[in-house]
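One structure is given below, encoded as structure tokens.
The values are calculated or read from the model by the stated rules, or taken from the named source; none is laboratory data. Predicted model only: the values in this text are computed from it and were never measured. Cβ: placed from backbone, ideal geometry, glycine included. Neighbour counts: every protein chain shown. Just the protein is used for accessible areas: all its heavy atoms, side chains included, with ligands, DNA and RNA removed. Shrake-Rupley method; radii C 1.70, N 1.55, O 1.52, S 1.80 Å.
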Amino acid sequence: MSQPTLGEVVDLVHSWYPPATAEGWDAVGLVAGDPAEPVRRILVALDPVAAVVDGALAWDAGLVLTHHPLLLRGVHAVTADDPKGAIVHRLVRGGCALLASHTNADVADGGVAEALAGVLGLVDVRPVVPDDADATTGAGRMGELPAPATLRAFAAHAAAVLPATPQGLRVAGDLDAEVRTIAVLPGSDDTRFAEAAAAGADVYVSSDLKHHPVSEQRERALLGDGRPFVVDTAHWASESPWLRVVASRLAAALAAQGHDVEVRVSELRTDPWTARVASPGHP
């Protein structure tokens with residue numbers, strides 16, 4: 001069996017998560033690497049941080065596929081004394097490429113939002129905001145729980161099936177209310193409350209939600225029956241389920257093409273938060 005070139009792997013990933021579907025502000029695609037080089041090992045991770053890159057180089061990986069981009073905002077230099085520049089230098093010196101699939105992987109069929117819906121056990125999954133050209137793709141995913149549950153029970157279920165983090169989950173709404181239709185916007189998205197409400201969502205799940213957008217959403221919701229309630233997860237936890245999905249997809253597709261490639265998910269926890277101190281009187 002042979003090894004594919006980096007260019008062939010990039011083309012495969014882009015066929016699932018086309019860069020053209022990424023948000024205009026995003027920076028996706030190949031960050032470092034020679035498309036003509038063969039790839040024998042691929043490490044999949046959420047964040048292109050130094051520890052992930054060091055692990056990839058120690059494993060002799062030829063490619064690191066991450067969800068989050070390394071060079072998202074304007075960069076004018078990649079000197080070795082800059083944290084991001086140092087990562088680029090390590091990758092190039094170690095002969096390891098870096099590829100990012102970010103918002104293009106969020107909206108795709110088989111992408112990040114769908115993976116979160118899957119780990120939560122939702123059925124009849126569809127986009128919260130379908131694309132005009134393809135109703136199977138689009139922003140977020142929504143679906144039904146197999147049976148109705150209280151908001152309290154759903155939040156406990158989400159906390160149990162997602163990777164554990166110091167943050168845990170924050171919840172806004174009546175914990176005893178019955179819910180079934182769940183909208184998930186993994187990562188950080190406080191822009192889809194209206195669309196989720198119009199689609200009949202009982203709960204809106206996202207990450208990194210800020211005070212003012214959630215407060216304003218709750219005020220609007222309370223003019224009706226209070227829905228959708230809000231569940232705020234850790235950013236890292238909400239997107240991590242996709243890693244095993246894309247790793248399995250890569251391994252299967254490359255094997256079907258006759259290639260011998262090892263694909264591994266990084267076991268490093270790159271959630272930046274390390275502890276939570278509860279307020280007195282709260283668990």
Looking at GLY143, GLY118, which is the one that is surrounded by 16 or more Cβ atoms within 10 Å (Cβ to Cβ) and under 15 Å from the mean Cα position of the chain (by Cα)? GLY118
How about the range 147-179: which of its residues are outside any loop (DSSP other than H, G, I, E, B), more than 18 Å from VAL214 (Cβ to Cβ) and among the hydrophobic types (A, V, I, L, M, F, W, C)? ALA147, ALA149, ALA153, ALA156, ALA159, ALA160, VAL161
Output the residues belonging to the range 78-112 that are surrounded by 24 or more Cβ atoms within 10 Å (Cβ to Cβ) and among the small types (Gly, Ala, Ser). ALA97, ALA100, SER101, ALA105, GLY111
Answer yes or no as to whether HIS68 is in contact with an Asp or Glu (Cβ under 6 Å, 6 or more places away or on another chain), under 29 Å from GLU114 (Cβ atoms) and either open to solvent by 10 Å² or more (accessible area, probe 1.4 Å) or aliphatic (A, V, I, L, M) (or both). yes
Kindly provide the set of residues from the range 114-133 that are small (Gly, Ala, Ser), touching a residue at least 40 places away in the same chain (Cβ under 8 Å) and over 15 Å from THR181 (Cβ atoms), ordered by number. ALA115, GLY118
Pairs please, first residue from the range 4-18 and without any contact (Cβ under 8 Å) to a residue 40 or more places away in the chain, second anywhere and open to solvent by 40 Å² or more (accessible area, probe 1.4 Å), Cβ atoms under 7 Å, 6+ apart in sequence or on different chains. THR5/PRO35; THR5/ALA36; THR5/GLU37; THR5/PRO38; GLY7/PRO35; GLY7/ALA36
Taking interchain pairs and intrachain pairs at least six residues apart, which have beta carbon atoms under 8 angstrom, with the first residue in the range 33-44 and in contact (Cβ under 8 Å) with a residue 40 or more places away in the chain and the second of a type in the set (Asp, Glu) and assigned to a loop (DSSP other than H, G, I, E, B)? ARG40/ASP60; ARG40/ASP260; ARG41/ASP60
Those residues that are in contact with a strand residue (DSSP E or B) (Cβ under 6 Å, 6 or more places away or on another chain), open to solvent by 20 Å² or more (accessible area, probe 1.4 Å) and β-branched (Val, Ile, Thr), I need them from the range 161-180; list them, please. VAL171
Go over the candidates ALA183, ALA149, ALA158 one by one and state the one that is out of contact with any strand residue (DSSP E or B) (no Cβ under 6 Å at 6 or more places or on another chain), open to solvent by less than 10 Å² (accessible area, probe 1.4 Å) and touching a residue at least 12 places away in the same chain (Cβ under 8 Å). ALA158
Taking LEU57 as meeting all but one of (1) of a type in the set (A, V, I, L, M, F, W, C); (2) in contact with a Cys (Cβ under 7 Å, 6 or more places away or on another chain); (3) open to solvent by less than 50 Å² (accessible area, probe 1.4 Å), write down the number of the exception. (3)
Right, LEU30: surrounded by 17 or more Cβ atoms within 10 Å (Cβ to Cβ), touching a residue at least 12 places away in the same chain (Cβ under 8 Å) and closer than 18 Å to SER248 by Cα or not? no
Does at least one position in the range 170-185 carry a residue that is small (Gly, Ala, Ser) and modelled with pLDDT under 95? no
